Amino acid sequence: MRAMIFEGAGKPLRLQDVPVPKPGPGELRIAVAACGVCRTDLHIADGDLPRPKPALIPGHEIVGRVESCGAGVTTFAPGDRVGVPWLGHTCGNCSYCLHHHENLCDAPQFTGYTRDGGYAEYVIADSSYCFRIPPAYDDEHAAPLLCAGLIGYRTLRMAGEAKRIGIYGFGAAAHLVTQIAVAQGREVYAFTRAGDTGAQQLAYQTGACWAGASDLQSPVPLGAALIFAPVGALVPWALRAVDKGGIVVCGGIHMSDIPAMPYQLLWGERRLCSVANLTRADGIALMDFAARTPLRTHTTAYPLEQANAALADLRDGRLSGAAVLEVRH
């Protein structure tokens, strides 16, 4: 099968022919139709995330059809359309797994990082960590739901009942979170890089009531701020924007250092926290929401062989919405 292989930080992915993998007990072999290109993939390619699997196939926003099932699989059958997310497996035995926090598992596996992912014609996935995709979404437009949607959904949940939501960094996750928040009756204020009119236009298209540069003062006090850009310097700006008792949630897996800041920004029972990974309950809840409330995923499609171009466009801020690799068999 054709696959894009990561061989080291700073090196371009290389297209190779590799053996088609076989599913083990409890696993599915999935013929990949589409795989989203996530900022986490970029962090792996740039060496921000340490110790990836050797000769890694990246990609964790996977949509495809089950081709074969390993022993013991009862939840899916050949021909079923499924989605494969970032969380690929958990131990089930640590204190986090036993107390409904499998996203914090002590011995996890991650799709496209510690196990091979979807930048390929086929992928092996643990059937217990796959989701059914709402039929209203085609493969390309469903792919971003598997991480941009899921992590965004979990990040928004951390905002609690806040009615005024600020979003810093307006890309794949933000354009989905905005639609979810607006459907829930909230107001969204989008903060983008200065001069990024494309991101600001996308913010308005997806329901934001205001959009502007991230170094501007918020036009209203916010109940919560969600940060998706991997820029630690945004944390003080977000804390300035939230009202007393508000929360700032960092939704990325990697962020540059947070600069020193006066305690006064945090005082007033403001809170600062991060989101780590996802749970299967998050996935089920989001797919149910997406089935009931159509979400418009704005995508740019690339053939599998152009994965490096997709990563470069993401790195350089040339994308509006999400990049998706189309895999043709």
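Let me know the charge dipole size of the chain about its Cα centre in debye, to the nearest 20, where only the beta-carbon of Lys, Arg (+1) and Asp, Glu (-1) is charged.
480
What does the extension gain come out to for ALA136 and GLU305, with contour length at 0.36 nm per residue minus their alpha carbon separation?
Details: separation 169, 0.36 × 169 = 60.84 nm, distance 2.74 nm.
Result for the pair: 58.1 nm of gain on full extension.
How many angstrom separate the Cα center of the stretch 4-52 from the Cα center of the stretch 105-149?
Rounded to whole Å, the Cα centres lie 11 Å apart.
With the contact rule set at Cα under 8 Å and sequence spacing of 6 or more, what percent relative contact order holds for the chain?
Relative contact order for the chain comes out at 19 percent.
What list of ³J(HN,Hα) values in whole Hz, one per residue of the stretch 228-234 in order, does the Karplus curve 6.51 cos²θ - 1.76 cosθ + 1.60 (θ = phi - 60°) give from phi, with Gly and Pro shown as x?
In residue order, the calculated couplings are 10, 6, x, 10, x, 5, 6 Hz.
Ranking TYR96, TYR119 by Cβ neighbours within 10 Å, fewest first, what do you get? Provide the component values of the computation, followed by the final result.
On the way: TYR96 16, TYR119 29.
Ranked by crowding around the Cβ, least crowded first: TYR96, TYR119.
Sort ILE44, ILE165 so the one with the fewest other Cβ atoms within 10 Å of its own Cβ comes first.
Placing the least packed residue first, the sequence is ILE165, ILE44.
Report P(r) for the stretch 108-249: all Cα-Cα distances, bin width 10 Å, range 0 to the bin holding the largest distance, values in whole percent.
Once binned at 10 Å, the Cα pair distances of the stretch 108-249 give 11, 39, 29, 18, 3.
Taking square-rooted eigenvalues a ≥ b ≥ c of the alpha carbon gyration tensor, is the stretch 82-192 rounded, prolate or oblate, where a/c under 1.5 means rounded and, failing that, a/b exceeding b/c means prolate?
Taking the square roots of the gyration eigenvalues as a ≥ b ≥ c, the stretch 82-192 is oblate.
Check which residues have an amide H placed less than 5 Å from ALA225's amide H, if you skip close sequence neighbours.
Counting only residues 5 or more places away or on other chains, the set is GLY166, ILE247, VAL248, VAL249.
Treating cross-link reach as a plain straight distance, find the lysines whose alpha-carbon is under 28 Å from the alpha-carbon of LYS53, omitting any fewer than eight places away in the same chain.
Filter leaves LYS11, LYS22.
In percent, how large is the relative contact order of the stretch 150-274, given Cα pairs closer than 8 Å and 6 or more residues apart?
Rounded, it is 25 percent for the stretch 150-274.
Between ALA312 and ASP48, what is the spin-label point distance in nm, taking each point 7 Å from the Cα along the Cα→C-beta axis?
Computed distance between label sites ALA312 and ASP48 equals 2.0 nm.
What's the Cα-based Rg to Rh of the chain, Rh via Kirkwood?
0.96
Within the stretch 1-35, whose backbone N sits under 17 Å from a point 7 Å along Cα→Cβ of GLU67?
The answer is 1-5, 16-25, 27-35, whose backbone nitrogens lie closer than 17 Å to the label point.
Values quoted throughout were computed directly from the atomic coordinates according to the rules given, and no laboratory measurement underlies them. Predicted model, so just to flag it, every value in this text is computed and none were measured. With ideal geometry, Cβ positions are generated from the backbone for all residues, glycine too; neighbour counts draw on all protein chains shown.
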